[in-house]
Amino acid sequence: MTEIVTEDPPVEPGWVKVVEARTGRFAARLLDGRHQLVADEPKEVGGSDLGPGPYELLLMALGACKTMTVRLYAERKQWPLEQVSVRLRHRRIHAQDCADCETKEGMLDRIDCVIELAGALDGEQRARLFEIAGKCPVHRTLTSEISIQSRLQEG
């Protein structure tokens, strides 16, 4: 396995930086000024499989946000939640196969999400925690209008 270059380029507070790792075709270092992660693509699509791919990272971010949001709410309510786990999958589906989607032609992205709650919770608590998971900040971002402003750095 090729080693990843580890000299950290500066990262301004509030920003993340993604830099090619130069260890294969797709590997990238993901930096936030405090942490370093690696992203890559699987070997079957030309990557080195050094880390999760972009969609896997997106799903991980969504799942992490849901677990944290549920945990925070359960603690605030002092409910007996022992553990939260979230399984997620991304896939492309035909719009015509989605009964509750506005788009009716072409393909669209679908994220399947299964939330597991462990603990001596009653039915109302479980239903409320499920509802709260859908209100996590990343879920809200992904289901709202998003404006991405890109620009080319000079020099």
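The values are calculated or read from the model by the stated rules, or taken from the named source; none is laboratory data. Not measured: the values here are computed from a predicted model. Because the Cβ atoms are built from the backbone with ideal geometry, glycine has one as well, and the counts that use them run over all protein chains shown. Side chains are part of the model used for accessible areas, which takes the heavy atoms of the whole protein and leaves out ligands, DNA and RNA. Shrake-Rupley method; radii C 1.70, N 1.55, O 1.52, S 1.80 Å.
Here are some conditions: (1) assigned to a loop (DSSP other than H, G, I, E, B); (2) open to solvent by 80 Å² or more (accessible area, probe 1.4 Å); (3) in contact (Cβ under 8 Å) with a residue 24 or more places away in the chain. E82 meets all but one. Which one does it not meet?
Going through the list (1) assigned to a loop (DSSP other than H, G, I, E, B); (2) open to solvent by 80 Å² or more (accessible area, probe 1.4 Å); (3) in contact (Cβ under 8 Å) with a residue 24 or more places away in the chain, E82 breaks only (1).
How many residues are surrounded by fewer than 10 Cβ atoms within 10 Å (Cβ to Cβ) and under 16 Å from V70 (Cβ atoms) when one looks only at the stretch 124-155? It would help to see each step written out before you state the result.
Step one: of the stretch 124-155, the residues surrounded by fewer than 10 Cβ atoms within 10 Å (Cβ to Cβ) are 124, 144-155.
Okay, now just the ones that are also under 16 Å from V70 (Cβ atoms), so 124.
Result for the stretch 124-155: 1.
Filter the stretch 41-78 for residues that are surrounded by 14 or more Cβ atoms within 10 Å (Cβ to Cβ), touching a Lys or Arg at 6+ places or on another chain (Cβ under 9 Å) and outside any helix (DSSP H, G or I) and give the result.
E41, G47, S48, D49
Somewhere in the stretch 38-47, is a residue basic (K, R), touching a residue at least 12 places away in the same chain (Cβ under 8 Å), farther than 20 Å from R140 by Cβ and out of contact with any helix residue (DSSP H, G or I) (no Cβ under 8 Å at 6 or more places or on another chain)?
As a first pass, look at the stretch 38-47 and keep what is basic (K, R): 43.
In the following step, the residues that additionally are touching a residue at least 12 places away in the same chain (Cβ under 8 Å) were identified as none.
No: the stretch 38-47 contains no residue that is basic (K, R), touching a residue at least 12 places away in the same chain (Cβ under 8 Å), farther than 20 Å from R140 by Cβ and out of contact with any helix residue (DSSP H, G or I) (no Cβ under 8 Å at 6 or more places or on another chain).
Restrict the check to the stretch 105-122 and report whether at least one residue is surrounded by fewer than 13 Cβ atoms within 10 Å (Cβ to Cβ) and either in a helix (DSSP H, G or I) or in contact (Cβ under 8 Å) with a residue 40 or more places away in the chain (or both).
Yes, the stretch 105-122 has at least one match.
Could you tell me which residue of the stretch 14-33 is most open to solvent (accessible area, probe 1.4 Å), considering only residues that are among the charged types (D, E, K, R) and under 19 Å from the mean Cα position of the chain (by Cα)? Break it down into steps so the answer makes sense when it comes.
Filtering the stretch 14-33 for residues among the charged types (D, E, K, R) gives 17, 20, 22, 25, 29, 32.
Those left that are additionally under 19 Å from the mean Cα position of the chain (by Cα): 17, 29, 32.
Values: K17: 79, R29: 6, D32: 46 Å².
Going through the qualifying residues, I end up with K17.
Filter the stretch 17-41 down to the residues that are over 14 Å from E56 (Cβ atoms) and of a type in the set (D, E) and list them by number.
The answer is E20, D32.
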